[in-house]
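Read the figures in this text as sums done on the coordinates, not as results from a lab. As the structure is a computational prediction, the values presented were derived from the model and not from experiment. Don't worry about glycine lacking a Cβ; one is built from the backbone with ideal geometry, like all the others, and counts go over all protein chains shown.
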Amino acid sequence: MFRACGILFGLLLTTAAARASPYWIEYEPGNGYFPEEVGWTRYTSYGGDQRSIEDGWLIMDGMASPGIYDYALMAGNAIDPGPGALFVCEWRVFVSELTGPYDPGVAIHSDDKWAASFVLSSSAIYSLFEPEVSASFEPGIAHTFEFQSADMRTYILSVDGAPAINGSFWESLTGPAVAWGDRVYRASSAAYWDYFRFGVTPECGSLALASALGALGVLRRSRARR
């Protein structure tokens, strides 16, 4: 069931050995690269999605077959926050077509093998391993999601800036990894991805780190789209 990540326009400020040290990895398809061209590992079935980059969006179209999945994975580096810090993951996506209950999604695996996993329909996001845990949103437009955890056991997921789910990690067999894309076998979707980012920030949140990095000229900001 594990599918995951996509494209990376990567900036790893401090790699993992020091858990408490901030780092930030960012992908924007507007830079013109597919995930596997910029550091992610791509996993597919049946040849993967029909993909293109148009107007700054990564378009992932797997409507040709419910057997298709296509995701990118970044694994191996420690990702957990230290004291006084948060793990943050952000993405913006528009699910334009869907066959099945859900398809695109995101997975986050902690250093000591705990995980949170989410899948999307055109109007809701579901916690894959927490029964009946979901949040609804307006179909037909792109939405912004932000995941935050201080301990990699519990998390808060916000949708368009509003807290939507307070949830828990589940025990996993997989070590540190972050993944996103067309995740579900036996479902089909077409989705537009605007960006995908993750990292460890001071506990005041990702905006503080983003502002600091932006002041240094090292964080690219996505322009408003769709």
### Message
Let's test this: bin the Cα-Cα distances of the stretch 23-215 at 10 Å from zero up to the farthest pair and state each bin's percent.
### Response
9, 38, 40, 13, 1
### Query
Which distance in Å, rounded to a whole number, links the C-alpha centroids of the stretch 83-117 and the stretch 180-194?
12 Å
### Query
Most exposed first by the Cβ proxy, i.e. fewest other Cβ within 10 Å, how do Asp103, Asp55, Asp70 rank?
Asp55, Asp70, Asp103
### Task
For Ser123 paired with Thr154, estimate the spin-label separation in nm (one decimal), with each label point 7 Å from Cα along the Cα-to-Cβ line.
3.2 nm
### Message
Need one number: nm distance between label points at Glu132 and Asp112, each 7 Å from Cα along Cα→Cβ, rounded to one decimal.
### Response
3.0 nm
### Query
Which peptide among 73-86, 189-202 comes first, and what is the full order, when sorted by highest mean count of other Cβ atoms within 10 Å?
189-202, 73-86
### Query
Which order do peptides 58-67, 41-50 fall in by mean Cβ count within 10 Å, highest first?
58-67, 41-50
### Task
Determine ³J(HN,Hα), in whole Hz, for all residues of the stretch 146-151 in sequence, where each value follows from phi through the Karplus function 6.51 cos²θ - 1.76 cosθ + 1.60 and θ = phi - 60°; x replaces Gly and Pro.
9, 10, 9, 8, 9, 10
### Query
Can you give the FRET efficiency for Ala64 and Thr174, using 1/(1 + (r/R0)^6), R0 = 22 Å, r = Cβ-Cβ distance, to the nearest 0.05?
0.20
### Task
Could you please report the charge total around Ala116, scoring K, R as +1 and D, E as -1 over all other residues with beta-carbon less than 10 angstrom from its beta-carbon?
0
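Which ordering of Glu26, Glu171, Glu130 is given by a fewest-first count of other beta-carbon atoms within 10 Å?
Working: Glu26 23, Glu171 9, Glu130 16.
Lowest count first: Glu171, Glu130, Glu26.
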